[in-house]
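What follows is a set of notes on a single structure, which appears directly below.
Every read-out reported here was derived from the displayed coordinates using simple, explicitly stated rules and does not represent laboratory data. Computed from a predicted model, the values in this text were never measured in an experiment. Cβ placement follows ideal geometry from the backbone for every residue including glycine, while neighbour counts extend to all protein chains displayed.
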Amino acid sequence: MVVNSVIYSRMFGVSLELITMVAGGLTGFIFRYLAERAKERAELYKMAIGYKEAEVKSADAAAKRVPIEAGKWVRRLIVCSCLFGVILAPFILSVLGMSTIVQVEETGSEFLFGLFGGGTTVSFVELKGYLLVPEVRQTLTALVGFYFGNATAARK
């Protein structure tokens, strides 16, 4: 529509200039908001890098205080202890005829829906030989798996 040599265009009763102004303002707000969020993320990233650098410096200082060889000897001692507990100790104790005393906790029978009975008694039982608990075997299998995995990764 042309009125007094000026072109007016209306959409939903609102002039095109007003729609353009609102859209420009909204677009400016969105871009400014995204820019501020990007600045915040950049600052967080810089802080994370600073924390990581501090961790690296701390780890380097710790490595200088305790040499890597000390850790190797500790691991070797743990492996030797587990091997002794699984292989040598049962053999030595059976040859020497030594026994192991184990604490056994027994629960009595319950009746009338658990209202009566069911107490526990503790007794000690002598076993001829060596008691090989499952935790020692599990530790040994975990260590063997760790060392085989470590050796496999080192070859690649």
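Quick look at the numbers
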quantity	calculated
Phi-based couplings in Hz for the range 43-54 (Karplus 6.51, -1.76, 1.60; Gly and Pro marked x)	5, 4, 5, 4, 5, 5, 5, x, 4, 5, 4, 5
Under-5 Å amide H pairs with Ser99, H placed in peptide plane, nonlocal only	Gly129
Additional length obtainable on full extension of the chain from Phe29 to Phe84, 0.36 nm per residue less Cα span	12.7 nm
Within straight-line cross-link reach of Lys64, lysines at Cα separation under 25 Å, skipping those fewer than 8 residues along the same chain	Lys52, Lys72
Charge dipole (the range 66-155, unit charges on Cβ, about Cα centre) - positive-most of Phe84, Met98, Leu131	Phe84
Dipole moment magnitude, nearest 20 debye, the range 66-155 about Cα centre, only Lys, Arg, Asp, Glu C-beta charged	660
